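Q: Have a look at this one.
The values are calculated or read from the model by the stated rules, or taken from the named source; none is laboratory data. Computed from a predicted structure; not experimentally measured. Glycine gets a Cβ as well: all are built from the backbone with ideal geometry, and neighbour counts include every protein chain shown.
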Amino acid sequence: MSNSLLKQYKEKLKLLDKFSKHYFQNQKPLVSDKEYDQLKSEILKIEKNYGFTNLKSPSVKVGYKPSKKFKKFKHRVKMLSLSNAFNEEDLINFQKKNINFLALDKNYEFEYSVEPKIDGISASLHYKNGKLTIGLSRGDGEEGEDITENLKTIKDIPLNILHKDFPDEIDIRGEVFIENNDFKKIEKDFANPRNAASGSLRLKDPKKTKLIPLKFIAYTFGFNSNIKESKQSDFIKNLDKWGFKISELNKTIKGINNLVKYHSDIEKKRFTLNYDIDGIVYKVNDFNLQKRLGFMATAPRWAIAHKFSANYSITKITDIDIQVGRTGALTPVAKVKPVNIGGVMVSNATLHNEDEINRKDIRIGDTVKIERAGDVIPHVISVDKNLRNVNLKKFIFPKKCPCGFDTIKEFNKVTKKIDAVRRCPDIGFDCNRIAKEKLKHFVSKDALNIEGLGKKVIEKFWDLKFIKLPDDIFNLNFQTIARLEGWGPQSAENLKNSINKSKKLKLDRFIYSLGIRHIGQENAKLISEFLCDYSNFIKLKDQKNIEELSNIDGIGETQITSLKNFFKNKLNLKVISSLSKILIFEKNVIKKMEGAFSNKILMFTGKLNNISRAEAKSIVENNGGKIVSNVSKKLDYLVIGEKPTSKKIKIANDLKVKILNQTDFEKISKLRQ
Ligand code: IVH
């Protein structure tokens, strides 16, 4: 590209930025829509012809940049997400798991509160004595941004509620969104209505937010002082009475068949609605059952989002790439001729694993059907063999990892079958591919959460040999980074600050960040609660201390073996040791639940009547106690159900551990008088 063309291109970008600012921030367009669009397409044309882009380009930048200057506040009750279901089978499993958890009859039918899943931005509104005091964005679920003034501009949000039965103190939660006809007016600044809602909600000046016709629909609560309702459907009715907007599609339904029917009815009329919905949410209606079911690490057990089915398109495979994940899994990815699927350009689609390629006999050059559902990675569904060129060769899956190691297929002890996934056997940082993925995981949102160090930046710093191991991130040279193309002193400074900020973290995030196979967020939390601090974590160097972790309910042989392999690796130990000198571990303030089992250690043997093990565990934990799975001197109570292991009772007797039967247990935990 000649210098003069580059100059022209940059000038056009600058002009577009000016027009966007005036249009979006000041609501005073400088040019007509037609002129604006013309300029935008000129920019895109230059980019297409010369095969490059720029961070300020409309092809990269979406909408107007929201402000970063909001104060942050902790949510008193975390704002969690929802697990997803994609088909009837997922729903059957969801219901079965809950029936087991609650030890109900296998034919039990839950009543569900059924609500549309509005595709907007969630917000939490805190009311004290009927007055809206603070409104927060979801943020990372634990801490949100104070966007009170912007939220107050939304007409659907009541500022004062005078009803006598409105709780003294409550967080009302719901979705902020923009209706499709309103979106049309600001469409050129945003990729979709969701981005428009998010961008306008986070503008610095609430007067500007007020100009955007945002809407709010309420559907749940967070912290509350005195909720009187016993069902979600009653709570929603009261939301309506108190002056909130609720969805006209809310219903109560029993039976999976009926859920599926409602889902398909709504899916059919989805595009006639004036706002985007991306699925239906089913919530166990009874608050008592909700309370018993409780939460997993990131979502409640008592609710699920049933997503709408995917959009699909037909295209051609141009190549098959082998990607190596952080746990060594070799995933084949089809490179396809770019196609638009439901508004998103798709050029990659996963082929899952070697067995899947063989089963479907997928070849480079094949014409395939590709599906994309919501935020899930697009995947190849089927091959049109009628359109296959006779010369296409069968795809031979490589037996070596691109790093050079021979790959393996493991034997799965549970399914008693050889795994479909081929793996690179490295568990440290020796395989370059795994090491790079581990770095991406290390900085990701649920791990060290280093803002500004996304996947692309990691790739770039890796290629430039700035980083190889996680601790290298803390020794980056920011002067060099400031001189890189696309960077500058300010962005280097920002990165430096977010890296420094990430040094202080909780032990569970650290354990999760190491990317140990089978140790996800939930297990990392369990281990960190058991170990309490880093000094105990590092003792896992000694393999016999790892065995101790089998005492944790939820940690089994698979996790123990994986931890043992991880700690056997010298490079892993070196990385942990270097990181421990850099990181500062926040005290593990385990929210101590006060209750009948405060500071007590319990163990169960035998089957309990009408209470599943999982629920018994949650009862003990909610009452301040801990569960282990080995009898030792430390044990306070051994709870005995039907058909207990007599050896355990004998050891407990020898160690003078107090023994409880189910009635004793229920009395102490106040489940019965
Ligand atoms: S309940 C603990 N109900 O979906 C349960 N969420 O993936 C919290 N959403 O962050 C959410 N419609 O932004 C709930 N009727 C509905 C919803 C809904 C949309 C969004 C919400 C949440 C996300 C979870």
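Q: Please specify each residue of region 167-216 satisfying the condition of being within 14 Å of the ligand (Cβ to nearest atom), within 19 Å of L125 (Cα to Cα) and assigned to a helix (DSSP H, G or I).
A: Answer for region 167-216, where residues must be within 14 Å of the ligand (Cβ to nearest atom), within 19 Å of L125 (Cα to Cα) and assigned to a helix (DSSP H, G or I): A197, S198, L201.
Q: Have a look at S498, S491 and point out the one that is surrounded by 14 or more Cβ atoms within 10 Å (Cβ to Cβ), in contact (Cβ under 8 Å) with a residue 40 or more places away in the chain and not in a loop (DSSP other than H, G, I, E, B). Outline the logic, then answer.
A: Numbers: S491 fails: in contact (Cβ under 8 Å) with a residue 40 or more places away in the chain.
Answer to the check: S498.
Q: List every residue pair whose Cβ atoms sit under 6 Å apart, with the two residues 6 or more apart in sequence or on different chains, where the first one lies in region 452-481 and is touching a residue at least 40 places away in the same chain (Cβ under 8 Å) and the second, anywhere, is part of a loop (DSSP other than H, G, I, E, B) and not β-branched (V, I, T).
A: Sorted first by the residue in region 452-481, then by its partner, the pairs are L469/F429.
Q: Which of (1) touching a Ser or Thr at 6+ places or on another chain (Cβ under 7 Å); (2) farther than 19 Å from D119 by Cβ is the odd one out, the single condition I217 does not satisfy?
A: If we test I217 against (1) touching a Ser or Thr at 6+ places or on another chain (Cβ under 7 Å); (2) farther than 19 Å from D119 by Cβ, just (2) comes out false.
Q: For region 240-249, enumerate the residues that are more than 27 Å from the chain's Cα centre (by Cα), within 16 Å of the ligand (Cβ to nearest atom) and outside any helix (DSSP H, G or I).
A: F244, K245, E248
Q: Find all pairs meeting these conditions: Cβ atoms under 9 angstrom apart; at least six residues apart or on different chains; first residue within region 180-202 and of a type in the set (F, W, Y); second residue modelled with pLDDT under 80 and not in a helix (DSSP H, G or I).
A: Final answer for the pair search is F183/F190; F183/N192; F190/V62; F190/G63; F190/Y64.
Q: Something else now. Determine which member of the set N311, N285, N257, N250 is more than 30 Å from I427 (Cα to Cα) and either among the charged types (D, E, K, R) or surrounded by fewer than 17 Cβ atoms within 10 Å (Cβ to Cβ) (or both).
A: N257
Q: In addition: If you go through region 42-55 one residue at a time, how many are surrounded by 12 or more Cβ atoms within 10 Å (Cβ to Cβ) and at pLDDT 75 or above?
A: So the answer is 5.
Q: Ok, one more. Condition (residue is farther than 30 Å from N160 by Cα and either in contact with a helix residue (DSSP H, G or I) (Cβ under 9 Å, 6 or more places away or on another chain) or part of a helix (DSSP H, G or I) (or both)) applied to region 329-343: is it met by at least one residue?
A: Yes, some residue in region 329-343 is farther than 30 Å from N160 by Cα and either in contact with a helix residue (DSSP H, G or I) (Cβ under 9 Å, 6 or more places away or on another chain) or part of a helix (DSSP H, G or I) (or both).
Q: Quick test for you: out of A218, A196, pick the one residue that is among the small types (G, A, S) and within 29 Å of F94 (Cβ to Cβ).
A: Exactly one of A218, A196 is among the small types (G, A, S) and within 29 Å of F94 (Cβ to Cβ), namely A218.
Q: Restricting attention to region 145-166, and to residues there that are within 16 Å of the ligand (Cβ to nearest atom) and of a type in the set (D, E), which single residue is surrounded by the fewest Cβ atoms within 10 Å (Cβ to Cβ)? Outline the logic, then answer.
A: Narrowing region 145-166 to residues within 16 Å of the ligand (Cβ to nearest atom): 145, 147, 151, 154, 156-157.
From the residues that got through so far, the ones that are of a type in the set (D, E) too are 145, 156.
Values: E145: 22, D156: 14.
So, considering only residues that are within 16 Å of the ligand (Cβ to nearest atom) and of a type in the set (D, E), the one surrounded by the fewest Cβ atoms within 10 Å (Cβ to Cβ) is D156.
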